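Below is one structure; the comments refer to it alone.
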Amino acid sequence: MARSSEHLQPEAPAAFVRAVETLCSAQFRPEVHVDELSPPKRLATYTFALSADVFPDTHPEDDATAAATGRLVLLHEPGGHETWHGEFRLVTYIQASLEPDIGADPMLLPVAWSWLTDALDGRSAPYTAASGTVTRAASEGFGGMASQPATADVEIRASWTPLEPDLETHALAWADALSTAAGLVPLPSGVVAIPNRKPRQQRR
């Protein structure tokens, strides 16, 4: 998903521009549809963001519902940030719908957290100071709405500090965590994903 850096702040330092370029150089599996997203402005001096929707069908209909959605925000503070232990920080939000029985599993929360940490380790993406939360939500109808199907969702909010300026492996790990949340089977080792080039509407 090669993108230009023309939309970054004109005064953005070279280190940040390079980090954005490496983040956007990742080639994601075709089920993962990635777009640039207007980043939050108050979290750091320089910010960049991506959004993603994961569809089990590699060519979903326009009204298809994503099995998982997510955001990845890159933050940069020249000179470093005390709580980050570095100059860069990656922040993600992942949301996925689950089968009710999976949503009720008492091990869901630590397992969902491991989707991200295992993905980072699996991509050999060095990082430190990881932190975050995992939240589950369940819904069941009663009375006049008893016929409504039960639903379950999981939300992961996390951040970590990359230990290298090349962020391609971090982007790939984020996509891997999204794919796992969506219930996709991991790609076999050594298989390179063919990126999905079907354009999707950019989020605001």
Check your understanding: Filtering region 66-90 down to residues that are over 19 Å from Arg18 (Cβ atoms) and assigned to a strand (DSSP E or B), which residue is most open to solvent (accessible area, probe 1.4 Å)?
Key -> Arg71
**Study point:** Hits in region 155-173 - residues which are under 10 Å from the mean Cα position of the chain (by Cα) and in a strand (DSSP E or B)
**Key:** Ile156, Arg157, Ala158
Review point. Of everything in region 116-144 that's out of contact with any Asp or Glu (no Cβ under 8 Å at 6 or more places or on another chain) and closer than 16 Å to Ala182 by Cβ, which residue is least open to solvent (accessible area, probe 1.4 Å)?
Key: Leu116
Point to revise | The one condition in (1) more than 14 Å from Ala177 (Cα to Cα); (2) in a helix (DSSP H, G or I); (3) not hydroxyl-bearing (Ser, Thr, Tyr) that Ala152 fails to fulfil | key: (2)
Exercise for review: Take Ala175 and decide whether it is among the hydrophobic types (A, V, I, L, M, F, W, C), surrounded by 21 or more Cβ atoms within 10 Å (Cβ to Cβ), in contact with a Lys or Arg (Cβ under 8 Å, 6 or more places away or on another chain) and modelled with pLDDT of 90 or more.
Suggested key: yes
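The values are calculated or read from the model by the stated rules, or taken from the named source; none is laboratory data. Small disclaimer: the values here were computed from a predicted structure and weren't measured. When we count neighbours, we look across all protein chains shown, and the Cβ atoms used for this are built from the backbone with ideal geometry, even at glycine. Ligands, DNA and RNA are excluded from the accessible area calculation, which covers all protein heavy atoms including side chains. Shrake-Rupley method; radii C 1.70, N 1.55, O 1.52, S 1.80 Å.
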